[in-house]
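Read the structure below first, then the notes.
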Amino acid sequence: SAKTYEHLLVSSPKPGVGFVQLNRPKALNALCTPLILELNAALRDYQADKSIGAIVLTGSERAFAAGADIKEMKDLTFSTAYGNDFIENWSELVTFLKKPLIVAVNGYALGGGCELAMMGDIIYVGPKATFGQPEIKLGTIPGGGGSQRLTRAIGKSRAMDIILTGDNISAKQAAEWGLAARVFDTPEETVDAALSTAEKIASYSQIAVKACKEVVNKSQELGVRDGVEFERRIFHGLFGSKDQTIGMTAFAEKKKPEWTNE
Ligand code: HXC
């Protein structure tokens, strides 16, 4: 998309791939409301763009994002926060974004930065990625889903350890605990790997990709029995897609499938 933003850099460096870079360097990409509104707008554009199959989100080498904007929050009152649904717009992307979002984290991913990363579908980390939920040090708690998503990602004891102490964890730890899918040797490699993964995903049938994301996400909401049943319904449904016929026929005929996204 050719739009320009105050706090984002947006481009499409590979076929089928949307790329969003958080770009508020003076505040270590602190996630002020205008930035979140821009991020939602950019991701909505990619969601609507049929040529885009997957999206990469990253920050800078120093910081993915150092959290929600503390200076914006410090004078908030209960009635304005509650009355105006403060940060409700943070979670919008998890409902409207049906295309895979790969998050490449270098540097700080703290508080809301960690929470934003966890809204992605896959997290890749560079050597100096640093995750934490330091809200306790500010006299508050995670408010962007951290208590829920971190606990699901790494388990209760580890999540409690991080959230109650405010201590950070390293890239290596994040990868060992399964918060991150993979760890890379340099920041550039991390972003390149995320772009390559996005390119690979974008080369598949968008309809199958969408269904993959939907069924995996369902595992976070349903018990295994209901989840497997849900998966089977979607699987059966895909026999109604052209791309299932195309994919399986191409295999049988030893040809490369030409997806129609239908
Ligand atoms: C606003 C921030 C910020 C933040 C950094 N800055 N983080 N501004 N909100 N979350 C600003 C600093 O004020 C400073 O601005 C500039 O960015 C550079 O930061 P420094 O502190 O000078 O850098 P450094 O010494 O390298 O320390 C890096 C840091 C530290 C360890 C990441 O900045 C830090 O602790 N930041 C806050 C981390 C945090 O508590 N995050 C959780 C926020 S609460 P100036 O103008 O002085 O140059 C939260 C709630 C989520 O996220 C719930 C809602 C979704």
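The values are calculated or read from the model by the stated rules, or taken from the named source; none is laboratory data. Everything numeric in this text was worked out from a predicted model, so none of it was measured. Every residue, glycine as well, gets a Cβ built from its backbone with ideal geometry; the counts of neighbours run over all protein chains shown. Just so you know, the surface numbers come from the protein's heavy atoms only, side chains and all, with ligands and any DNA or RNA stripped out. Shrake-Rupley method; radii C 1.70, N 1.55, O 1.52, S 1.80 Å.
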Mind checking the dipole of the chain: about its Cα centre, +1 per Lys or Arg Cβ, -1 per Asp or Glu Cβ, Debye to the nearest 20? 460 debye
Taking amide H positions as placed 1.01 Å from N in the peptide plane, with prolines and chain starts having none, which residues 5 or more places from Gly18, or on another chain, fall under 5 Å of its amide H? Gly53, Ala54, Ile55, Val56
Span from the the range 76-142 Cα centroid across to the the range 1-65 one, whole angstrom: 14 Å
Taking a 27 Å limit on the Cα-Cα distance, which of the listed pairs Lys98/Lys172; Lys3/Lys98; Lys213/Lys242; Lys3/Lys50; Lys50/Lys213 fall beyond it? Lys98/Lys172
Over what distance in Å are the Cα centres of the range 227-262 and the range 159-192 separated? 35 Å
Computed FRET value (nearest 0.05) for Thr80 with Ser51, which takes r as the C-beta separation and R₀ as 51 Å: 0.80
Hand me the GluC sites (Glu not before Pro) from the range 160-222 located in a DSSP loop with no more than 12 other Cβ atoms within 10 Å, in residue order please. Glu221
At a 1.4 Å probe radius, carbon and sulfur cover how many percent of the accessible area of the chain? 55 percent
Where trypsin sites (Lys or Arg not before Pro) fall in DSSP loop in the range 197-262, at most 10 other Cβ within 10 Å: Lys254, Lys255
Given the protein chains as shown and a 1.4 Å probe, how many square angstrom of Thr190 are accessible, to the nearest 10? 0 Å²
Working out 0.36 nm times the residue gap between Lys242 and Asp167, then minus their Cα-Cα distance, what length gain in nm do you get to one decimal? 22.0 nm
With DNA, RNA and ligands ignored, accessible area of Cys212 (1.4 Å probe; Å², nearest 10): 80 Å²
Residue-wise, which Karplus ³J(HN,Hα) couplings in Hz belong to the range 69-85, taking 6.51 cos²θ - 1.76 cosθ + 1.60, θ = phi - 60°, and x for glycine or proline? 7, 5, 5, 6, 8, 4, 9, 5, 10, 4, 5, 6, 4, 6, x, 9, 6
Probe 1.4 Å, protein heavy atoms only - accessible area per residue of the chain in square angstrom: 54 Å²
